[in-house]
Each structure stands twice: as C-alpha cells, then as structure tokens.
Amino acid sequence: MKLQIILLAAIMCLFGSCSDFLDLIPGDKESGGSFYQTEEQLRQAVVAAYVPLRSLADNDFFTGEGRSDNTHYDYTPANRGSAYVYRENIYDFTNEANNTYVSAVYYHCYKGISRANIAIDHLEAAAIDETVRKNLMGQAKFLRAFFYYKLVRYFGGVPLYLHEVKSAEQAFLPRATVDAVYEQIISDAKYAITNLAPPAQFPQSGEATRGSATILLADVYVTRKEYAEAEKLLKTLPDMGYDLFDNYADAFATENKNGKESLFEIQYRQGLQGGQQSNFIYKFIPRSKNTKIVTGVATDNSSLGGWNMPTQDLIADYEAGDLRKAASIAIAEGTYDASYMFTYTANTEIDDYVPTEGVEGVPYIKKYLHPHTDSNNTDDNWPIYRYAEALLFWAEAINEQPGRSADALPYLNKVRERAGLDEVTETDQARLREIILHERRVELAFENKRWHDLVRSGKAVEVMNAYGNRLKQQYSYLVEAAYRVDGHHLLYPLPFDEVEMNDLLEQNPGY
C-alpha cells in the first residue's frame, strides 16, 4: 500500500502540477507567511498569547498554593489513579520529573512565550500605526516577561527563546542562567512600562496596561531584593487611578472584574459557547454527587472537586475580627460515605462556626463563589495582581531599606484598615518583616502567592517541615517521605520528556 501511494504521487506529479498536489493550504485560507500584515491580524496574534493563561491557571494552584501551608486536598482512597496521585504528590513534596501537572505549568508557559515571540517578531517590521505597534508590542513583551517569571521561580534557569522557532536547531537550547532569564524579564517589563498606557477607565478591558507591567517589575525587584527600585515603581501606581474597594469581598465580585483594584487578572466569561468560562468553585469544594447546596446548581463534581481546600493552619492565622476570613472561607457541612463522597447538608459561614453534631464541617474557598446558572460555567476571573498586593510590596520594599521601617506603616495599615484590624505600630525591621509576611498570607490567600513568599523569604524549608509534621499527626495516609523538605524542593524538576528529548538540558538536582 505504501508503494502504491508513492507511485500515485509520482504519476500525479508527472502528468499534473506537483506543486499544486503538495499545496496543503487552501487558497481561501491565510497562511503564516501572509497573515501577520494588518493591525487586526497582529492584534489577533497578541490576543492568542493571552489564551495560555487560562490553561496555566488550571494547574498553577497545585504548584503554587497547594505546595504551601495554605491549602490541602480531600483524600480519596477509592481512586489511586495517576491523575489523583500526581496532584497529591505536589502537595506532599513527593513529585518526580514525570509529574504531568508540574509539566503542564512548564508547557503552558512556553506556549504563551511561543505565541508572544511570533507576535513580537512580526510586529518588529509591521507597517501599521506606530502607537498601535508599540502598544501591541508592549502587551506581548509583558506576557513574555510574565511567563518567564513564572518559569524562573518554579524551575530556575530555563531555555531562553526570544524568537519564533522555525527549525529543529532553534528548538533545542540549553538552559540559560537564572540571571540571564531575569535580565530578559526586566528588559521586557521595562519596554511594556514605557509603551503601555495606564488604564483609560474602570472597568478595564482586561488587556495588560502600564500598571500591569509596573507591578510585575516591582515583584521581580522585591524578589531580587532590589527594594529601592521596587519602591520607585510602586509609588507611580496611585496616579494611574488604582485603589482598594471599600470591602474586601468586592475585589472578587464578578460585577467588579477589571475594576480599580485590579492590576492584572486572567479573563473568563460564563456562557454556553466558546469555552471561555471558569469553574474554580467546583474544584475547590468536596467531591459530591450534588453540589447545589453550595453552588446553587445541582451537578456532580466527584471527578473534579476536593482540591485547594483551606487548612486549619491558615484559618488559625487570621486575627480576631479580620473581615477577610469570612469573605475568603466558608464551611460546607455534610457526611462522607464509604467511597469518601460528600453529601452536603448545609452551607454556613466560618465566623463563630459551631459544628453540628453528626456531620463534618469542611472549609472551602469562598472567594470564587458567585451566582451562576450552569454547572462548571462561572464568570469569575483569576486575580494575578491586585492593588492590595502593591501596597504590601510597597511596605516591604520600604521596610527592607535601613532605617525606614516607620515609613512602611501607612501602606501596610491601609490594607489592614479595610480588613477591620487595628493599625500596626511596630518599627523594628525584623518584627515588621514577619508582620508583612503574615499580612500577605491572609490578604492574598488562594491567589497562588504563598509558596513564592515562603521561598523568597528563606522560610520554605522550615515552615513546610513543621507544617508537614503537624499534618502527619492528623492524616494517617501521608507516607513517611511526605513533607521531608530540603533545598532541592525549592525548584520543581524540568519535565522528564523535555530532558529526554533535549541533550542540552540538565535536570535540577534531586530529581
């Protein structure tokens, strides 16, 4: 049969046009060679670079929040398939290089980088309005910087792709140094700050703005302990119109998406068409055959739920009277059957909660629970940067500069005031550092910040080992190897398949 196909191809080339026979692109369709010409086409190319953010968000809470002391999982011994075990392994610090959920973060970031590179390369020579070109270029470079920042913190030095890959030789690169990756992130973010405009109005369009790039670069500078540079950036944000909502819960309400507190968020839209909806709440509540008591929609989330569930360790860390606690966490009451499936009996607030006799009260993330009509089809965006975080970065950046701790207090206390808490008056640098870290934990809970905070503060090994010891006393299913955290766990392994394909790559130590 194979020989017949070859002969048929030869005959058609002999008696007809071989070039026509091999032309795989229909004449009425655009090709890569002709597509990136107009402003609309180039805008579409940039929009395409945003799309992997959604896929990234579907995995990032495992590698971010799940790796920390903020959330755990609802263990189900009835299902020991790899889809469950691999995700549990991330929480438990027992994951290996073949973990598909860690690898997914790596690949989604590179998909975004690839699309950003294609847009950037074509925008370089685009014959369009210069202001439009620079704006689109700024968005693409912001996205490339964001994806590389995610990669360098999770994996260390990674291959640095800065142009569209057009050959096998270009596809296989060695790891760049951590410093080289950061230099590129800083360069891209600076370009974006210069060439993107502040928000024209609130709510915003959802596109990256000068504010988005500013807080990204400030985040980088704080992580690299370049505090004076971070402060310079952060003090420009108020003049761009950003501010806190009066109530903490308002920052997550779907009617306030892209509002004055949002510096950047991943866009979702509910509806039956287009696949643009979110469904975080269905993942963050116990597995059940009927979720209606919590979600308002009767559906089965038994194959989806049970992840990223608040820990008692976090709950205990809220101060008395902190309004953020009830806005972030609620309690689902019910019972587990022999298959560890949950039957809901009540949905209740966490403040002053008194357990009902004969049922279990299971904390879940309330932040992403808002009215919707269809199951697994919600309107919630995912927050990446909020103005509250900018204020806490600002406080941290000032406190870390010698003799300036008192100057940091107004920014910290602005966040605490909204939470209904007393002002902090502490001016000892070391003690204030701990207070700010605690404030970040409760203000930014369930926004994938905690693991990165533990790593950059140098506390990840100490905190997670102590937390793991407490968890092992609580859960008999945790194996001895779980939560035996050392320095090599501060980075995830590069995907096994990637290292096997690319001889130029070296795996991270310990994997």
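The values are calculated or read from the model by the stated rules, or taken from the named source; none is laboratory data. If you're wondering where the values come from, they're calculated on a predicted model, not measured in any experiment. Cβ coordinates were reconstructed from backbone atoms using ideal geometry, including for glycine residues, and neighbour counts include every protein chain displayed. All accessible areas refer to the heavy atoms of the entire protein, side chains included, with ligands and DNA or RNA removed. Shrake-Rupley method; radii C 1.70, N 1.55, O 1.52, S 1.80 Å.
When the residues of the range 498-511 are filtered to those that are over 23 Å from the mean Cα position of the chain (by Cα) and acidic (D, E), the one that is nearest to V158 (Cα to Cα) is E506.
Go through the range 85-126 residue by residue and tally those that are closer than 24 Å to Q37 by Cβ, in contact (Cβ under 8 Å) with a residue 24 or more places away in the chain and open to solvent by 10 Å² or more (accessible area, probe 1.4 Å).
Residues flagged as closer than 24 Å to Q37 by Cβ, in contact (Cβ under 8 Å) with a residue 24 or more places away in the chain and open to solvent by 10 Å² or more (accessible area, probe 1.4 Å) within the range 85-126 amount to 7.
Y344 fails exactly one of the following numbered conditions: (1) of a type in the set (F, W, Y); (2) open to solvent by less than 30 Å² (accessible area, probe 1.4 Å); (3) in contact with a Gly (Cβ under 8 Å, 6 or more places away or on another chain); (4) assigned to a loop (DSSP other than H, G, I, E, B). What is the number of that condition? If we test Y344 against (1) of a type in the set (F, W, Y); (2) open to solvent by less than 30 Å² (accessible area, probe 1.4 Å); (3) in contact with a Gly (Cβ under 8 Å, 6 or more places away or on another chain); (4) assigned to a loop (DSSP other than H, G, I, E, B), just (4) comes out false.
Of all residues in the range 54-74, none are aliphatic (A, V, I, L, M), open to solvent by 10 Å² or more (accessible area, probe 1.4 Å), out of contact with any helix residue (DSSP H, G or I) (no Cβ under 6 Å at 6 or more places or on another chain) and more than 24 Å from M501 (Cα to Cα).
Within the range 267-293, can you find the residues that are open to solvent by less than 10 Å² (accessible area, probe 1.4 Å) and not in a loop (DSSP other than H, G, I, E, B)? Hits for the range 267-293 are S278, F280, I281, Y282, S288.
Residue-wise test of (1) touching a Ser or Thr at 6+ places or on another chain (Cβ under 7 Å); (2) over 16 Å from N376 (Cβ atoms).
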{"site": "S288", "(1), (2)": "yes, no"}
{"site": "W307", "(1), (2)": "no, no"}
{"site": "A332", "(1), (2)": "no, yes"}
{"site": "N347", "(1), (2)": "no, yes"}
{"site": "Y353", "(1), (2)": "no, yes"}
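Out of the range 380-408, which residues are open to solvent by 30 Å² or more (accessible area, probe 1.4 Å) and either in a loop (DSSP other than H, G, I, E, B) or under 21 Å from S303 (Cα atoms) (or both)? Scanning the range 380-408 gives E400, Q401, P402, G403, R404. Of all residues in the range 393-415, none that is more than 15 Å from Y227 (Cα to Cα) has its Cβ atom under 6 Å from the Cβ atom of a residue that is hydrophobic (A, V, I, L, M, F, W, C) and open to solvent by 60 Å² or more (accessible area, probe 1.4 Å), 6 or more apart or on another chain.
Suppose the filter is in a helix (DSSP H, G or I), over 23 Å from Y385 (Cα atoms) and in contact (Cβ under 8 Å) with a residue 24 or more places away in the chain; does D74 pass it? For D74, the condition - in a helix (DSSP H, G or I), over 23 Å from Y385 (Cα atoms) and in contact (Cβ under 8 Å) with a residue 24 or more places away in the chain - is not met.
Across the range 184-205, which residue is nearest to the chain's Cα centre (by Cα) among those that are open to solvent by 40 Å² or more (accessible area, probe 1.4 Å) and of a type in the set (A, V, I, L, M)?
Among them, the one singled out is A197.
The helices (runs of 4 or more DSSP H) found entirely in the range 80-178 that carry 2 or more residues being over 23 Å from the mean Cα position of the chain (by Cα) are 100-124, 130-155, 168-171. One residue stands out in the range 360-379 among those that are touching a Pro at 6+ places or on another chain (Cβ under 7 Å) and under 21 Å from E439 (Cβ atoms): the one that is least open to solvent (accessible area, probe 1.4 Å), namely I365. Would you confirm whether any residue within the range 462-475 is open to solvent by 10 Å² or more (accessible area, probe 1.4 Å) and within 19 Å of D219 (Cα to Cα)? Taking every residue of the range 462-475 in turn, none turns out to be open to solvent by 10 Å² or more (accessible area, probe 1.4 Å) and within 19 Å of D219 (Cα to Cα).
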